[in-house]
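None of the figures in this text is laboratory data; all of them are computed from the coordinates on show. Just so you know, these numbers come straight off a predicted model, no measurement behind them. All Cβ positions, even for glycine, are placed from backbone atoms using ideal geometry, and neighbour counts span all protein chains on display.
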Amino acid sequence: MEGYLVAIGIVVLINVLLALGLTLQYGRTGLINFGHVGFFAIGAYTSALLALQGVPLVISFVAAGAFAAVSAWPVGMVSLRLRDDYFAIVTLGFSETVRIVISSEKWLTNGMQGIPGLPRLYEGIGGGLPAQLAVLVTLALVVIASATMIQRITNSPFGRVIEAIRDNEEAVTALGKNPASFKLRVLAVGAGLAGVAGAFYAHYITFIVPDQFGPIVTFYVWMAIIIGGVGRISGTLVGTAILMLFLEGSRFIRDLIPAIPEVEMASIRLGVIGIALILFVTYRPQGLMGDYTQR
């Protein structure tokens, strides 16, 4: 039981790290990024390929975040001058392009067969509960450091500019600022966090395939920040925890209703999540950690 709870904690923190990047991009800057999973995949595959070549995991994790951030640069250069809805479409197309590339370039990624046998973090202390606890603590420290960084960015002059861009981009332009430059840096930072989350995911699961990086991952991240409260770091943590606990807890529903086939149960779970999203947007748009004085 302890091992299962620790595993749930690791999955929650990986998704919190992924959601923090989107919190900075959308919650603080107003960037509608529907391709966040693309940077998650880039980080996972970058770290996996480097680790299999004998590169130390610390270096492969740094490279995963750096390469994901760099890959965001051309996407931003091409699309950040577009309207918000067009930017969302471009990022969605980018994530699907990444998935197609890792599926088709067998010489590099082994295609749909995936990459097995990835080294785990803290393999030196074994593969049991102590190693999992070490991963959990490391992830918690990375999440705290990332949340602190985002909070410092928000409280800085740079942060005030990006929040002004979110609220009224035309006014920021009239004041002589270049919104595209600020949004490009925010996109890169958020992508870097997603890349690091991908590296943690790859070395925790130890086996990655393209199907693990579908659009549903981005959808779950959006769900988490909407449930918790858009733009709030506490909301990111609470929303992700609630979503992940529901996804895991709903697996036991079939034990209570064994007559429902597994495939149909998966559809029911997605339907319930969709209904929950509609209810939150309708009755609690500011999220669980949002301002309770608002309606």
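Candidate values (i) 0.97; (ii) 1.05; (iii) 0.95 were compared with Rg/Rh (Cα atoms, Kirkwood Rh) computed on the shown model; the agreeing label is (i). Can you list residues whose amide H is under 5 Å from ILE208's amide H, if they're 5+ apart or on another chain and H is modeled 1.01 Å from N? Sorted by chain and number, the residues that satisfy this are ILE115. Label-to-label distance, LEU108 versus LEU279, with points set 7 angstrom from Cα along the beta-carbon direction: 4.4 nm.
Just tell me, in residue order, which DSSP H segments of the chain are both 27 angstrom or longer along the helix axis (alpha-carbon based) and at least 0.5 in mean Kyte-Doolittle hydropathy. The answer, listed by residue number, is 2-22, 57-79, 84-104, 129-155, 179-205, 262-283.
Is any residue of segment 76-114 close enough, with backbone N under 20 Å, to a label point placed 7 angstrom from the Cα of GLU170 along the Cα-Cβ axis, and if so, which? Once the point is set 7 Å along Cα→Cβ of GLU170, 80-87 turn out to lie under 20 Å by backbone N, inside segment 76-114. Kindly identify segment 55-154 as rounded, prolate or oblate by the Cα gyration tensor criterion: order the square roots of the eigenvalues as a ≥ b ≥ c, call it rounded if a/c is under 1.5, otherwise compare a/b with b/c, prolate if a/b is larger, else oblate. Here segment 55-154 falls in the oblate category. Our estimate of slack between ARG160 and ILE89, defined as 0.36 nm per intervening residue step minus the Cα-Cα distance, is 22.9 nm. Among the trypsin sites (Lys or Arg not before Pro) in segment 58-150, those placed in a DSSP loop whose Cβ has at most 13 other Cβ atoms within 10 Å are ARG81, ARG83.
The residues neighbouring ARG99, those whose beta-carbon lies less than 13 Å from its own, together hold a net charge of -3 under the Lys/Arg +1, Asp/Glu -1 convention. Residues of segment 195-213 with an amide N closer than 17 Å to a point placed 7 Å from the Cα of MET149 along the Cα-to-Cβ direction: 195-201.
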